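In what follows, a structure is listed as structure tokens, so that the remarks can point back to it.
The values are calculated or read from the model by the stated rules, or taken from the named source; none is laboratory data. The model shown is predicted, which means the values in this text are computed figures rather than measured ones. For neighbour counting, all protein chains shown are included, and Cβ atoms are generated from backbone atoms with ideal geometry for every residue, glycine included. Ligands, DNA and RNA are stripped out before the accessible areas are found, and what is left, the full protein with its side chains, is counted by its heavy atoms. Shrake-Rupley method; radii C 1.70, N 1.55, O 1.52, S 1.80 Å.
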Amino acid sequence: HPSAPSLMMNAHFASVGEDASQEAYEHGIQVIDEDKVFNANLHTYLNLEKIIPAGFNYHLISVFGSQSTGKSTLLNYLFGTRFGVMAEQERRQTTKGIWMSKNKREGSGRMADNILVMDVEGTDGRERGEDQDFERKSALFALATSEVLIVNIWEHQVGLYQGANMGLLKTVFEVNLQLFVKDSQNNPKSLLFFVIRDHLGTTPLRNLQNTLLQDLSRLWSSISKPAGLENSRIEDYFDFAFVALPHKILQPEKFEAEVERLSTRFREGYNDPKKSGLMDEADLPVFLPQYHRRIPADGFPVYAQGVWDQIVDNKDLDLPTQQELLAQFRCDEISREVLVAFDEKITPLEDKQAEDARLGTPALILDLGVVMNAARSAIFKNFETNASRYHKGVYTRKRAELESKVDGRLKALSQKQLHAAHKSGVEEFSTAVSTAVKSGQKKGANYDFAQIVESEKKKALAKFESEGKALMIEGAPWSHYKQELNLYRKDLDEVSSRLRKEEMRRLATRVERWVRSRLDESIGLEFNKIGTGRGGSGAPEHGERPPSEKDLWDRIWTIFTETVDDAEKRFGERAQSFDASPEEVEVGLWRLRRKSWGVLRAKIDEEVMEGNILLKLRENFEDKFRYDEHGVPRIWRPTDDIEGIYTKARESTITLIPLLSRFKLKATSAPPPLDAWIGNAPPSITSADEEDLAPIGGVDEDEGKSLEEEMTVLSDTKSADLLVRFKKTADGVYVEAKRSAIGGMTQ
Ligand code: GDP
Ligand code: MG
């Protein structure tokens with residue numbers, strides 16, 4: 001047992017099992033011994049008698065009266081108890097302190113369930129000397145706990161106002177005022193049940209009853225009452241009942257028959273007098289609801305001990321406070337008990353989440369919502385079942401405490417679950433889109449990226465939402481997932497836009513590749529035209545030079561811009577189809593133009609590489625040198641002006657070198673407007689968009705390279721070097737022609 005809170009519950013409970021045998025309690029349990037010590041095994045006893053789970057379905061009776069007036073004997077007959085009785089020969093006190101026993105005659109259906117009887121030590125002080133103290137204390141204890149007080153007196157004592165019984169009753173009345181006056185609103189009534197023993201029959205019960213009532217009201221008016229209650233009547237606090245029993249020794253059969261009849265009165269009654277109105281007064285039930293002290297059975301041992309401790313310490317016994325303290329103690333205890341089953345279900349899940357978090361691998365727990373809902377409703381139901389019997393205010397407060405504890409843990413669980421769902425959902429979404437794109441690529445380039453994203457997003461949101469719904473807990477205001485859903489949606493959008501950017505990049509790469517292969521072919525063709533009048537675009541017309549020289553760059557620029565225009569169109573259309581923003585398209589096109597320029601520039605460089613360009617110049621020269629103006633190959637004769645033709649052709653080709661060395665347009669003699677054509681960098685550009693871009697002279701100002709420089713195809717040194725080499729080549733052709741002329745003659 002957990003230790004009890006201060007004030008009343010300095011109890012040390014015996015663990016269940018200690019003295020837990022029926023035989024140990026053959027005579028019931030001595031709740032309070034002759035040294036006024038409270039028995040710590042009361043809980044054990046009540047548990048053994050199956051009273052503890054009874055809730056409010058139990059009753060408590062105490063019996064009072066002088067020593068040796070047959071109290072214990074009566075109880076044993078009435079309730080089948082085995083309280084010790086005095087042997088007939090010796091006249092010695094047997095009952096000491098306060099004993100308690102459960103009714104052993106229940107089950108006949110004629111008596112109420114779970115009647116507990118307390119046999120209180122006789123009070124005439126014969127063997128206790130002048131110990132009036134115990135009488136007062138036991139009266140307090142009985143009144144705080146019992147519904148019915150049996151007052152056992154001899155017939156011949158009736159009317160003896162000065163008799164010991166009157167002393168006892170005076171004490172009971174005083175004590176009752178002391179106890180219940182504070183809470184006069186709901187002061188519980190008690191039943192004073194007078195059992196008149198050894199009734200001879202000569203005086204009718206009615207007369208004895210009247211005498212007693214007169215004595216009682218005289219007694220009531222004689223006691224001093226607290227302020228405000230001076231005019232209160234005894235009936236405000238007590239109901240009375242009377243029964244007379246024949247002499248047990250002289251009329252044993254009659255005695256037993258009357259006791260039998262009396263026993264049937266220990267049953268549940270109703271507050272409504274009409275319900276019992278037609279009954280003989282001698283058969284009226286004694287357990288009216290208003291007598292019940294409303295202490296739940298499982299709290300009774302703690303309550304009784306608390307009450308007794310207060311009494312023994314001569315403290316002011318304040319029952320409402322005792323009941324609140326009891327409620328706090330029991331509600332806390334019940335909280336702990338119901339949390340055990342909750343922990344069994346929930347703690348392993350919390351541990352798993354903690355471990356997952358430690359490893360950085362949040363994972364979904366299967367059916368978490370179901371488990372949480374079940375555990376939550378179970379714990380509150382269990383708590384309510386056991387704790388709601390206690391003080392309402394305390395119960396409500398403790399329930400709220402438990403709720404916030406439980407809900408705090410469940411909230412953490414569901415939030416971690418949502419976090420895991422978020423994380424895995426985003427990952428799954430990203431993978432699903434990539435996979436769909438890949439399979440789309442395999443089938444052909446025309447998959448619908450926007451639609452893939454759309455449908456995967458829908459799936460991802462639906463999955464998250466269903467997890468969120470499953471985690472909802474009925475009646476828990478904190479349990480919602482809309483906020484998390486919005487965050488999730490935002491993340492999916494972010495991932496979508498990242499994936500779209502990647503898709504844009506892939507598209508750009510494809511388009512660039514297309515530009516490269518187009519330029520490779522068409523630009524190569526243009527350069528080939530330099531070398532040959534017959535190759536490429538077919539045989540030249542007579543007397544016409546192919547348009548291969550003066551406007552070379554104009555044609556290249558036109559081909560280039562037209563090709564890129566074409567590519568831009570392709571890019572723009574496709575990008576539109578996957579919902580790229582105008583800004584993203586703008587950036588893509590800007591990048592495409594720059595990259596395309598790079599492709600062209602590389603192609604030109606390749607064409608003017610030493611060997612390539614030299615070959616083309618030689619072809620150009622040979623074309624002019626070896627063919628006449630009609631395009632007919634010359635057969636050299638010694639008489640021909642080989643030297644003159646050679647010089648003319650050579651000089652003509654040499655003019656190509658400066659032309660080739662600078663990219664400029666014929667009309668303006670200036671480089672093409674590359675900077676304007678590429679355009680300014682779009683405002684929405686990011687550093688990632690610029691990362692892989694090579695600088696372009698005249699476009700990227702801070703590169704310190706001018707447009708002129710960008711457009712320089714051959715440097716001056718290279719041009720000079722090319723000139724020298726070309727001349728050597730031309731010289732070789734000339735010598736060969738010379739030789740062939742002489743050879744032709746000798747042939
Ligand atoms: P208690 O001290 O009040 O509990 O009295 P007990 O039950 O121990 O009985 C005291 C004595 O009274 C015993 O010797 C009983 O036999 C005797 N006794 C019990 N019942 C009656 C009764 O109804 N009439 C008389 N005259 N004696 C009784
Ligand atoms: Mg006794």
Check your understanding: What is the residue count in region 425-438 for residues that are surrounded by fewer than 17 Cβ atoms within 10 Å (Cβ to Cβ) and either of a type in the set (Gly, Ala, Ser) or touching a residue at least 24 places away in the same chain (Cβ under 8 Å) (or both)?
Key -> 2
**Study point:** When residues of region 50-85 are limited to those that are hydroxyl-bearing (Ser, Thr, Tyr) and near ligand 1 (Cβ under 8 Å from one of its atoms), the one nearest to GLN132 (Cα to Cα)
**Key:** SER66
Exercise for review: Say whether the condition of being open to solvent by 30 Å² or more (accessible area, probe 1.4 Å), modelled with pLDDT of 85 or more and assigned by TED's automatic domain parsing to the domain that holds GLN214 is met by at least one residue in region 163-172.
Suggested key: yes
Check your understanding: Do you know which residues across region 184-235 are modelled with pLDDT under 90, open to solvent by 60 Å² or more (accessible area, probe 1.4 Å) and in a loop (DSSP other than H, G, I, E, B)?
Key -> SER224, ALA227, GLY228, GLU230, ASN231, ARG233
Study note, to complete from the structure: Listed by first then second residue, the pairs whose first member lies in region 292-309 and is within 18 Å of SER138 (Cβ to Cβ), whose partner is among the charged types (D, E, K, R), with beta carbons under 7 Å and at least 6 positions apart or on separate chains, are ARG293/GLU147
Practice item. Filter region 332-353 down to the residues that are over 20 Å from TYR395 (Cβ atoms) and of a type in the set (Lys, Arg), then identify the one that is least open to solvent (accessible area, probe 1.4 Å). Key: LYS352
Check your understanding: Hey, among the residues in region 233-270 that are aliphatic (A, V, I, L, M) and away from ligand 1 (no atom under 16 Å from the Cβ), which one's farthest from LEU169 (Cα to Cα)?
Key -> ALA241
Revision key, fill the gap. Note: among GLN322, GLN290, GLN310, just one is within 60 Å of the chain's Cα centre (by Cα) and not assigned by TED's automatic domain parsing to the domain that holds HIS156, namely GLN322
Review point. Quick one: LYS738 ticks every box in (1) of a type outside the set (Phe, Trp, Tyr); (2) at pLDDT 90 or above; (3) farther than 26 Å from ARG506 by Cβ bar one, so which box is it?
Key: (2)
Practice item. Name every residue in region 575-586 that is assigned to a helix (DSSP H, G or I), open to solvent by 10 Å² or more (accessible area, probe 1.4 Å) and touching a residue at least 60 places away in the same chain (Cβ under 8 Å), in order of residue number. Key: SER577, GLU583, GLU584, GLU586
**Study point:** Unique match (being modelled with pLDDT under 90 and either among the polar types (S, T, N, Q) or open to solvent by less than 40 Å² (accessible area, probe 1.4 Å) (or both)) among GLN441, GLN415
**Key:** GLN441
**Study point:** Residue in region 245-254 that is assigned to a helix (DSSP H, G or I) and crowded, with 17+ Cβ neighbours inside 10 Å present
**Key:** no
Point to revise | Residue ID - nearest to ASP640 (Cα to Cα), chosen from residues in region 602-627 that are open to solvent by 40 Å² or more (accessible area, probe 1.4 Å) and either of a type in the set (Phe, Trp, Tyr) or at pLDDT below 85 (or both) | key: TYR627
Exercise for review: Select from region 79-109 the residues that are modelled with pLDDT under 90 and at positive phi and write down the one among them that is surrounded by the most Cβ atoms within 10 Å (Cβ to Cβ).
Suggested key: GLY97
Practice item. Name the single residue, out of those in region 297-331 being open to solvent by 20 Å² or more (accessible area, probe 1.4 Å) and outside any helix (DSSP H, G or I), that is farthest from LEU179 (Cα to Cα). Key: ASP313
Practice item. Return a yes/no flag: does region 699-716 have any residue that is in a loop (DSSP other than H, G, I, E, B), modelled with pLDDT under 85, within 28 Å of ARG594 (Cβ to Cβ) and open to solvent by 80 Å² or more (accessible area, probe 1.4 Å). Key: yes
Revision key, fill the gap. Counting only helices (runs of 4 or more DSSP H) entirely within region 613-679, those with at least 2 residues that are polar (S, T, N, Q) are 642-654
Point to revise | Those residues of region 717-735 which are surrounded by 13 or more Cβ atoms within 10 Å (Cβ to Cβ) and of a type in the set (D, E, K, R), in sequence order | key: LYS718, ASP721, ARG725, LYS727
Check your understanding: Of the numbered conditions (1) within 60 Å of the chain's Cα centre (by Cα); (2) on the phi > 0 side of the Ramachandran plot, GLY631 satisfies every one except a single condition; which is it?
Key -> (1)
Study note, to complete from the structure: Restricting region 42-80 to residues that are part of a loop (DSSP other than H, G, I, E, B) and of a type in the set (D, E, K, R), the one nearest to the chain's Cα centre (by Cα) turns out to be LYS50
Point to revise | Every residue from region 50-88 that is more than 16 Å from ligand 2 (Cβ to nearest atom) and touching a Leu at 6+ places or on another chain (Cβ under 8 Å) | key: ILE51, ILE52, TYR58, HIS59, LEU60
Check your understanding: Does PRO671 qualify as being free of Cβ contacts under 8 Å to residues at least 60 places away in the same chain, of a type outside the set (D, E, K, R) and surrounded by 12 or more Cβ atoms within 10 Å (Cβ to Cβ)?
Key -> yes
